[in-house]
1. Output the residue which, of all residues in the stretch 178-202 that are among the aliphatic types (A, V, I, L, M) and part of a loop (DSSP other than H, G, I, E, B), is modelled with the lowest pLDDT.
2. Of the residues ASP175, ASP159, which is over 29 Å from the mean Cα position of the chain (by Cα), among the acidic types (Asp, Glu) and in a loop (DSSP other than H, G, I, E, B)?
3. Looking only at the stretch 390-418, which residues are assigned to a loop (DSSP other than H, G, I, E, B) and modelled with pLDDT of 90 or more?
4. If I go through the stretch 190-204 residue by residue, how many of them are closer than 21 Å to ARG46 by Cα and in contact with an Asp or Glu (Cβ under 9 Å, 6 or more places away or on another chain)?
5. Is it the case, given these coordinates, that TYR110 is closer than 25 Å to ILE37 by Cα and touching a residue at least 24 places away in the same chain (Cβ under 8 Å)?
6. Can you tell me which residues in the stretch 18-64 are surrounded by fewer than 15 Cβ atoms within 10 Å (Cβ to Cβ), among the small types (Gly, Ala, Ser) and either within 15 Å of THR76 (Cβ to Cβ) or in contact (Cβ under 8 Å) with a residue 12 or more places away in the chain (or both)?
7. On the basis of being assigned to a helix (DSSP H, G or I) and at pLDDT 70 or above, does GLN612 make the cut?
8. Could you identify the single residue in ILE376, ILE326 that is among the β-branched types (Val, Ile, Thr), modelled with pLDDT of 90 or more and at negative phi?
Amino acid sequence: MRDFKDVGNKFEGNVDEMVTQLNIDQKLIFDRITAGISDDNSEVLRLYVSGEGGTGKSFLIKTIRCWIKKYIEKDTAVTAPTGIAAFNIDGLTIHRLFQLPVEHGRTAKYTQLSDGVLKIIREKLKNVVLIIIDEVSMISNITLMYIHLRLTEIFNTMDCDNGWFGKKHILLFGDLLQLPPVHEDPPFIELSKLKIEKYIGAMGSINLWSLFSYDELQINVRQQGDNSYRDILTRIRIGTITDSDVTILETRKINFRETNCNDRLQELCNYLQNLPMDTVCLLPTCALCDILNTAMLNRISSDKIELVAQDLAECAPYLKKKVMKILNKDDEDSSRTAGLARIITVKLGARIMVRRNIDVSLGLVNGTIGTITSIIRSAIDNEVEKIKIIVSSGIEHIIERLNVKFEVMDRAFVIRKQFPICLSYGMTIHKSQGLSLKHAVVEAGNSIFSCGQVYVALSRVTTLSGLHLINFDPSSVKANELAIIEYNRLRTQYRPDLIHINILKQRVHKIRDTIWAISSKNILECQVNDKDINDSTLWHIRGLPNVNNISCYANVSIQCILHSSILRKLLLRLEHRNIIRRFINCYMSNDETINIMAIRQLAGDQYLEKIQRDVSEFIIHLINNIDNIKSVIEHQLNITLRCKVCNYTNTKIYTNYILLLQLPENLKKSYTLQELIQYNFSHWNNVEKYVPIVMLSLYLKRLI
């Protein structure tokens, strides 16, 4: 509530001048809103204002807010689903302002406020006449329901006629064709009875989305200096793209010269360092961000600083050991720990992003980017107590550890004390929604996984010249068909002057990525973890080029070897000049010039012939020529023969790289590898012959 007051006090300025700066579209909607709020006898205003990225929604929100402050002398509650989006419109996050329940990684059940908290919020919001919610596409239908319930609770309108949303004027802004909610369905999808009962405990409810009327902004002001780029974005927004669009965007791709995956990563880091300081790298997944952030951190010469979280378990004594074991896992997912990682590695001079809303009035919100200038350690235990950062405006701030409570398992909670920061060289596209950037490096290739993701990333940039593409896959350009259908319904009902959006299902040629790190889509994770290997590689399994149309047996064999993490770990230790190592580098970098024939020749000249060969023989001959993996997979097989008459035993020893196992006769169930091994080697097989006479005589001589 203090943040709400601080943010509200910031709005002073020449409102009349701001009104004159509104374009025709903005002015029509502005007049409609101000007229509805000014008229005490009018109905409660519930309006959804849409518009593609860059149509001036943020400026319109600011103008409305200032006008209400000056001419009506009332407050406006401005909110958004993410910290960056909220800061962009000088507001607060929805969950923070309305104290909505949060559970990281899943949807929380609705809980009412205590009488004490409710009293405070009522007092602070009593002067609010209008509630604005921006970036509505990221708000789920269940969150919209929670907002309604909280507002009726705060303003006590549960039993009032038309008491929806606290009977306050409410505006929704945003584009349904941008990023959808991370969890649950979009706001225009009606809640099912099952979810209403599960999260709210009610038997049913009204479709809240149907309470809103509709209007739309049509004039793009963000890319107004680049009409060609604006037209491309308009088509991408609805999921269409032309050949000429692809050709133009291809010119913005980074021209990688390196062929090795790790070398390309370093090349990308060099590229980033040569761009302006305000450049942001937008990536589809957190995994890609981690790879880039680690690579950029390694370039800083100062010493690493490890910020280790202080965890306190709140649970039954017998659960504490198990809880701490879960928390100490190296692969801990920070989304399950309230966004605070157990160990954060930074350096002096590293760029970081604030992960929590610390002080909205100062701009220290979730998404704020700064550079670490110094650290302050405790005089007692030398632990890092505070971190000093400088933000883009040149202002320095001090960040301290926050206490956050989260659930680890049923009835087991942890209070974690940790700095709410992470490295920020790479930012997820989801976090960028609402931003306007002059320069951005964007990954828009095969790792795109959501409708509207490409559009959101590309539309952040004001001009085509400010866009730098790592990859671009036209088949990743997709729009939410349900959102298009909803837009057409809203236009028919409220804006019949606007034409319908056509749903076109294009067949677009897929462009394979130039691999610089990892792909988060359609991969088999074969991670290399070894003290001698600093990087970890996720492998994208794919077919090998079949240049001679006969090499299928070689392809299969090589894939088996490459995708064994143990064998690959050893192969990566080979010299770079080694033919196997060169082959792996080509495979990692998705190089089409992979020389399979060289690998076949390594196994033996007989495998160069255009005839089908036995797979097991090929593997044996190939491994025989790779010394450092022979010892790993070579096994010794001891076969013992025993005479039924005299019990004489004779053991023969065989070495091989291939283990042949027989399936049990009973095939009514599935078998694990261990069960097959036990079946084959845990008992004697009868051999229908006696020990040879020579052997028997030798045996008798020993007895004599």
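1. The qualifying residue modelled with the lowest pLDDT is ALA202.
2. When all the criteria are applied, what remains is ASP159.
3. Passing the criteria: only ARG401.
4. Of the residues in the stretch 190-204, 1 are closer than 21 Å to ARG46 by Cα and in contact with an Asp or Glu (Cβ under 9 Å, 6 or more places away or on another chain).
5. no
6. Within the stretch 18-64, SER38 is the sole residue that qualifies.
7. No.
8. Going through ILE376, ILE326 in turn, the sole match is ILE376.
The values are calculated or read from the model by the stated rules, or taken from the named source; none is laboratory data. Just so it is clear, the structure is predicted and the values come from calculations on it, not from any experiment. Here the Cβ is made from the backbone with ideal geometry for all residues, glycine too, and neighbour counts use every protein chain on show.
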